[in-house]
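Peer 1: What follows is a structure written as structure tokens; I'll ask about it next.
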Amino acid sequence: MLKTRLIKHFALLFFLFLTNFVFAQTAYQVKDIPDPKKNGGGYVSDPDNILGSGTVASLNSTIADFENKTNVQVAVVIVNDFDHNKEDFDFAYELFQYWGIGQKTSHNGLLLFIAKDRRKYRFITSTGTEGILPDVTLKHIAQNNLVPAFKENDFSSGITNTINAIGEIILNPNNKQELNQLFTDSESSSTPGNFWLPSLIIILAFFGVFKIVNKQAKTGFSLKSFNKQENSYDKSIAKGCAAIFFFVFISVFVVVFTDSFELFSKIKLAHIPYILFGILAIALFFRYLFYIATIRKAHQDDENFFDAVVAFHKKNWWLIFFSPIILIAMMVHLMKRVKTIRRFKPVLDSQNIAMVRVDRDINI
């Protein structure tokens with residue numbers, strides 16, 4: 001009888017041990033970990049009940065307070081084990097991307113991922129959050145709070161102390177200004193006036209500039225007087241267009257074959273006016289080169305050409321505010337003009353009388 005009872009007790013203990021062992025060996029896939037945002041609007045995912053409901057509730061309250069005051073979105077995930085085919089960083093990063101922690105316009109997410117059985121932890125930060133919480137700072141916090149508690153199997157205290165230490169940094173008044181610079185409210189960033197109005201002003205301004213330059217190109221020269229031979233400015237324009245085409249081709253090649261499409265996700269609506277200004281500035285620069293090429297074709301005489309370009313620069317120097325690259329071209333032309341002054345200095349004849357220079361535009 002006693003022997004039968006011992007066998008039953010042993011079988012029961014073995015069954016409980018086997019059950020705990022099976023549960024402990026559950027290796028989660030990314031898609032299998034419950035997202036607390038979708039399950040009650042929390043911030044902590046503890047599918048294996050390692051922390052307990054009291055600790056989870058306390059952490060949720062603390063993290064919610066962080067988000068309300070700083071706009072930083074923190075998520076905590078603790079499991080017994082995860083996919084054995086992945087390293088802890090890769091798994092945590094994939095989970096971070098899968099859940100979409102943080103706002104796309106602000107990049108204000110932070111994930112603390114912990115694998116209890118593997119004794120692994122990882123911080124994953126967005127590009128905005130890492131400005132105030134760099135890897136060095138997070139490692140220091142973990143070494144002082146997370147690691148010592150984990151050695152005692154006190155995961156609740158370790159995570160709570162770590163979150164509180166992070167809170168001391170992001171709630172510090174000295175970091176408020178930096179947080180305001182890093183994080184952009186998603187609603188204000190999507191307001192049409194924030195990028196449509198500046199973009200419209202830039203388009204209208206450049207439209208007027210191109211209108212002025214095109215008008216001067218049409219009325220300033222006679223097409224009959226153009227020298228149809230290719231000149232150095234034609235070559236510069238051709239080389240410039242080829243360089244832009246080559247740059248665009250290489251950029252597309254790099255983006256496609258390095259899977260860098262996520263770089264485009266970092267472009268915000270507030271960046272549109274700057275991008276638009278850069279594109280139109282480059283277009284204006286090439287229009288300027290076309291205009292200089294027009295002047296070159298209109299004058300076979302070098303002195304007349306340089307004088308015409310100087311006159312154009314004096315009249316349209318303000319173009320550099322719309323395309324700063326034009327300033328470089330103006331300086332290059334000025335250096336060429338200085339080098340040619342000696343060429344155009346009148347030569348004295350045998351009686352020390354200045355000889356009359358032949359104007360090639362008149363005497364072709």
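Peer 1: Which entries in Lys37/Lys151; Lys211/Lys315; Lys31/Lys151 show an alpha-carbon gap greater than 23 Å?
Peer 2: Lys37/Lys151; Lys31/Lys151
Peer 1: For a footprinting-style exposure proxy, rank Tyr98, Tyr121 by other Cβ within 10 Å, fewest first.
Peer 2: In order of increasing Cβ crowding within 10 Å: Tyr98, Tyr121.
Peer 1: Report the gain in length on full extension from Glu152 to Lys38: 0.36 nm times residue separation, minus Cα-Cα distance, nm rounded to one decimal.
Peer 2: Full extension from Glu152 to Lys38 adds 37.8 nm.
Peer 1: If you don't mind, there's one more thing I want to ask. Enumerate the calculated ³J(HN,Hα) couplings along the range 332-338 in order (Karplus 6.51 cos²θ - 1.76 cosθ + 1.60, θ = phi - 60°), each rounded to whole Hz, writing x wherever the residue is Gly or Pro.
Peer 2: Couplings: 4, 5, 5, 5, 5, 5, 5 Hz.
Peer 1: Continuing with this model, one more query. Arranged by the count of other C-beta atoms within 10 angstrom, fewest first, what order do Asp361, Asp65 take?
Peer 2: Asp65, Asp361
Peer 1: A further question follows. What number comes out for the charge environment of Thr340, summing +1 per Lys or Arg and -1 per Asp or Glu over other residues with Cβ under 9 Å away?
Peer 2: Counting the neighbours of Thr340, the net charge comes to +3.
Peer 1: So, R0 is 35 Å and r is the distance between the beta-carbons of Asp307 and Asn352; what FRET efficiency does that work out to, to 0.05?
Peer 2: With a Förster radius of 35 Å, E is 0.85.
Peer 1: Separate question: Given H placed 1.01 Å from N in the peptide plane, which residues other than close sequence neighbours of Ser45 have an amide H under 5 Å from its amide H?
Peer 2: For Ser45, whose amide H was placed from the backbone, the distant partners under 5 Å are Val76, Val77, Ile78.
Peer 1: Okay, next question. What does the extension gain come out to for Val136 and Leu200, with contour length at 0.36 nm per residue minus their alpha carbon separation?
Peer 2: So the extension gain works out to 18.7 nm.
Peer 1: Starting at the first residue of the range 83-93, write each ³J(HN,Hα) from the Karplus equation 6.51 cos²θ - 1.76 cosθ + 1.60 with θ = phi - 60°, in whole Hz, x for Gly and Pro.
Peer 2: 3, 6, 8, 10, 6, 4, 5, 4, 5, 5, 5
Taken together, the values in this text are just the output of simple stated rules run on the coordinates, not laboratory data. These numbers were taken from a predicted model, which means no experiment stands behind them. All Cβ positions, glycine included, derive from the backbone under ideal geometry; neighbour counts span all protein chains shown.
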